[in-house]
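Accompanying notes for the structure given below.
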Amino acid sequence: MTDHESGRPPAAAPAGVRLRPAGPADAEAVARVFLESRAAAMPYLPRVHSDADTLAWFTHVVLPTSTGVWVAEQEGEGGGVLGFAVLAGGDELDHLYLRPDSLRRGIGSRLLAEVRGAAGGGLSLYVFQRNAAARAFYERHGFTAVAYDDGARNEENEPDVLYRWVPGAVDLVSRRCP
């Protein structure tokens, strides 16, 4: 198997981290990563749902209805879900979140590679305009901003950016020299 834009094998998960499809039993851990990540990375966002409502949403909507959901988990004793990614509708990266203590370890890049492989074509995603770290991550991976929104389309009313990626787009992370 190769990464479609570089022709090279996909990035390996960091040592001790495995990726796998998520199942119903992962709902609580996925919801916890979602909540922790958003609180740490985007403290400016209003909390529009309770923790219980967020868990119910992952349990009854996201996990059973998405095209694919993957979790990255720490192997061994004391392991746990470090992050997750959700592919919706076959071509939308609906979520990619990591625990705050799991950033910059290659986990997000590996989850993104899983979603790209499953999509089999281009991807789109929305990112809040103020989320500079996420925007830089996606831009490094070849996504291009194609539209800006005033926030009316999301329940947080936070201005966002629509990004698109097409196979063959420049991915600076995979093009780095060893």
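The values are calculated or read from the model by the stated rules, or taken from the named source; none is laboratory data. Every value quoted in this text rests on a predicted model; they were computed, and no experiment measured them. As a convention, Cβ positions derive from the backbone with ideal geometry for all residues, glycine included, and neighbour counts pool all protein chains shown. Accessible surface is based on the protein model in full, side chains and every heavy atom, while ligands, DNA and RNA are left aside. Shrake-Rupley method; radii C 1.70, N 1.55, O 1.52, S 1.80 Å.
Observations, loosely collected:
- In the stretch 122-156, residue surrounded by the fewest Cβ atoms within 10 Å (Cβ to Cβ) [restricted to those that are outside any helix (DSSP H, G or I) and among the aromatic types (Phe, Trp, Tyr)]: Tyr148
- Options Ala72, Ala27, Ala39, Ala85: the member that is open to solvent by less than 20 Å² (accessible area, probe 1.4 Å), in contact with a helix residue (DSSP H, G or I) (Cβ under 9 Å, 6 or more places away or on another chain), assigned to a helix (DSSP H, G or I) and at pLDDT 95 or above: Ala27
- Pairs where the first residue, in the stretch 137-151, is of a type in the set (Lys, Arg) and the second is not in a loop (DSSP other than H, G, I, E, B), C-beta under 9 Å, 6+ apart: Arg140/Ser109
- Unique residue being among the hydrophobic types (A, V, I, L, M, F, W, C), out of contact with any Leu (no Cβ under 6 Å at 6 or more places or on another chain) and under 18 Å from Pro21 (Cβ atoms) when the list is Ala113, Ala85: Ala113
- Contact map, the stretch 92-104: first residue within 17 Å of Met42 (Cβ to Cβ), second residue open to solvent by 60 Å² or more (accessible area, probe 1.4 Å), Cβ cut-off under 8 Å, separation 6 or more or different chains; pairs are Arg99/Glu36; Pro100/Glu36; Pro100/Ala40.
- Annotation note: of Arg32, Arg20, Arg105, the sole residue that is crowded, with 16+ Cβ neighbours inside 10 Å, of a type in the set (Lys, Arg) and modelled with pLDDT of 95 or more is Arg32.
- Flag: Gly89 does not match the condition of being in contact (Cβ under 8 Å) with a residue 40 or more places away in the chain and not polar (S, T, N, Q).
- Taking (1) over 22 Å from Pro43 (Cβ atoms); (2) at pLDDT below 95 in turn, Leu162 satisfies each apart from (2).
- Considered as a group, the residues in the stretch 42-69 that are assigned to a helix (DSSP H, G or I) and of a type in the set (Gly, Ala, Ser) include one that is surrounded by the fewest Cβ atoms within 10 Å (Cβ to Cβ), and that residue is Ala52.
- In the stretch 110-121, residue farthest from the chain's Cα centre (by Cα) [restricted to those that are under 17 Å from Val166 (Cα atoms) and open to solvent by 30 Å² or more (accessible area, probe 1.4 Å)]: Gly120
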